Amino acid sequence: MIPKPVSVVATGGKFDLTDQTDIYIQDESAELKQIGQYLADKLNPSTGLGLEVKPTTDAPAPGNIYLSLSGSDSELGDEGYQLTITDKLISLSANKPAGLFHGIQTIRQLLPAQVEMTSKQKGPWEIATGTIRDYPTYGYRGSMLDVARHFFGVDDLKNLIDQMAYYKMNVMHLHLSDDQGWRIEIKSWPNLTAHGGKTEVGGGEGGFYTQEQYSDIVKYAQDRFITIIPEIDMPGHTNAASASYPELNGNGKTADLYTGTEVGFSTLATKKEVTYKFIDDVIRELAALTPGEYLHIGGDESHATKIEDYIPFMNRVQDMVVAHGKKVLAWDEIALATVKPNTVVQYWAKAENAIKGVAQGAKVLMSPAKNAYLDMQYDSTSTYGLHWAAYIEVDKGYNWDPANLVPEIKKENITGIEAPLWSETVGERKEAEYLIFPRLLGYAEIGWTPAELRNWDDYKIRLANHGERMKAMNINFYPSKLVQWDVKKEK
Ligand code: TNX
């Protein structure tokens, strides 16, 4: 299982899923019904067992699966679950629906790998008996996709959302704007997408999400207990915006659409009121599309913005986000400005910035480029990726502890972990998957499993077993030589 559960007690028996098995949910709750249906939809194509979701007021008869909300098992928190499997019943309970959803991922992982195929496979469909009690170490377990350097369509995002859900991740951060493209429709500034969305790195056709499509992604993620955090990067990384509305440009040049991969050359005009009118409109429309708490305002690599302009800019934009009812996430450079209450600092490059954030009372989201960047090459022979921060082999990506990386950043200062995929070198789903997998599984485990239960030697065996699962899910993962993918025995 990945991530490794907090506690597993095996009892040595087995439960058989048969064509008599159904998924019973406690009462007529729409949310439980949807979670039960997610499990049925995942299991039915491969098993052909025709599991149905049925409401019940009592524990069901032997041979079934039972999902219930228990209320107040405080150790489990909002996302934990208890899974009790006997030879008669699979019983999953949690305080909240999110816990049930995470628990059904465990049920899937306890079944043979072929259960993940979308065509009918032969059984038997046995699950080992025992009890699992499980809950996350960090509340924020995320990944980021840069859809600005290369655009990825709605189906690509949905696919990744399901893959993240399988590993109990709960946040997807979308980097929606950069020098090379603006990817979200803003109705009050239509040229952002009409012009600024037209290309991408390498000169491809780019693209953007209409607000309707974006809401569809948000809903799809929400149904999988994943929060989407939208990012509009500013005041740098704004060439696409300036190319669409020249009055926003702060570097004195005429901005053309850009298809290269340099960073740090663009800036908004931080001293013009029109810039703040623009930002206020963007934040307002984005906040209305966002049920989640956070909006990400970037703030990284603003090399073309003078520091004396950067500081008041970041301070003012934070207040604007708060005025629209949201909290701020920003890259670690924001700590050079005033970190307002509730703003979370995303550590990617400079520990001293993150430490400055902590000193101002902020929480830190851990995305250290040397450890957690999905766009770093595995080694010098990797086809895709960059290596400005490090080469990150699968063991290196796994073998670190967010609470133990920077002495001044302690567990209580950390909201969680996020692994970003920057897309300068990848534009197709399969290319992106090659960088994301299998490292994402390690980041999921770092976010979920207590540090004292994690070690590489144990993990690499579990990861090897997930090779078959990733194949069954048609994931184009990097077959690291550090892992013995052909070993079949489940652990
Ligand atoms: C740095 S990470 C960036 C991105 C690049 C990335 C490539 C960060 C906040 N800024 O603009 O895409 O490196 O690895």
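The values are calculated or read from the model by the stated rules, or taken from the named source; none is laboratory data. As the structure is a prediction and not an experimental result, all values here were calculated from the model. In this analysis, Cβ positions are derived from the backbone assuming ideal geometry, glycine residues included, and neighbour counts consider all displayed protein chains. When the accessible area is computed, the model is the full protein with side chains, heavy atoms only, and any ligands, DNA or RNA have been set aside. Shrake-Rupley method; radii C 1.70, N 1.55, O 1.52, S 1.80 Å.
Set side by side, the residues ILE25, ILE35, ILE90 differ, and just one is in contact (Cβ under 8 Å) with a residue 12 or more places away in the chain and within 21 Å of GLN121 (Cβ to Cβ), which is ILE90. Determine whether region 214-235 contains at least one residue that is in a strand (DSSP E or B), within 15 Å of the ligand (Cβ to nearest atom), among the charged types (D, E, K, R) and over 30 Å from PRO97 (Cβ atoms). Yes, region 214-235 has at least one match.
Consider region 305-341 and keep the residues that are within 23 Å of TYR140 (Cα to Cα) and basic (Lys, Arg). The one that is surrounded by the most Cβ atoms within 10 Å (Cβ to Cβ) is LYS326. Within region 239-283, the set of residues being closer than 28 Å to LEU386 by Cβ and small (Gly, Ala, Ser) comprises ALA240, ALA241, SER242, ALA243, SER244, GLY250, ALA255, GLY260, GLY264, SER266. Total residues in region 105-126 satisfying the condition of being open to solvent by 30 Å² or more (accessible area, probe 1.4 Å) and aliphatic (A, V, I, L, M): the figure is 2.
As for region 462-477, it holds at least one residue that is under 16 Å from TYR378 (Cα atoms), surrounded by fewer than 20 Cβ atoms within 10 Å (Cβ to Cβ) and touching a residue at least 40 places away in the same chain (Cβ under 8 Å).
Among residues of region 188-201 that are closer than 21 Å to LYS277 by Cα, those with a Cβ under 9 angstrom from a residue that is of a type in the set (Ser, Thr, Tyr) and assigned to a loop (DSSP other than H, G, I, E, B), sequence gap 6+ or separate chain, pair up as TRP189/TYR245; ASN191/TYR245; LEU192/TYR245; THR193/THR210; HIS195/TYR245; GLY196/TYR245. Please indicate, with yes or no, whether at least one residue in region 43-51 is in a strand (DSSP E or B) and of a type outside the set (Gly, Ala, Ser). Looking through region 43-51, none of the residues is in a strand (DSSP E or B) and of a type outside the set (Gly, Ala, Ser). When HIS102 is tested against the conditions (1) outside the structural domain of GLY36 (by TED's automatic domain parsing); (2) part of a helix (DSSP H, G or I); (3) open to solvent by less than 30 Å² (accessible area, probe 1.4 Å), the lone failure is (1).
Only one of the numbered conditions (1) within 16 Å of the ligand (Cβ to nearest atom); (2) surrounded by fewer than 21 Cβ atoms within 10 Å (Cβ to Cβ); (3) part of a helix (DSSP H, G or I) is not met by ALA432, and that is (2).
The residues in region 153-163 that are closer than 21 Å to GLN346 by Cβ and either modelled with pLDDT under 95 or in contact with a helix residue (DSSP H, G or I) (Cβ under 7 Å, 6 or more places away or on another chain) (or both) can be counted, and the count is 2. Note on region 345-379: among residues that are within 12 Å of the ligand (Cβ to nearest atom) and part of a helix (DSSP H, G or I), the one that is farthest from the chain's Cα centre (by Cα) is ASN353. For the criterion of being open to solvent by less than 10 Å² (accessible area, probe 1.4 Å), more than 16 Å from the ligand (Cβ to nearest atom), assigned by TED's automatic domain parsing to the domain that holds PRO291 and touching an Asp or Glu at 6+ places or on another chain (Cβ under 7 Å), ILE161 fails. Looking for whichever is within 16 Å of the ligand (Cβ to nearest atom), under 30 Å from PHE437 (Cβ atoms) and either aromatic (Phe, Trp, Tyr) or modelled with pLDDT of 95 or more (or both) here; the options are ILE334, ILE392. Which one fits? Just one listed residue meets the conditions, ILE392.
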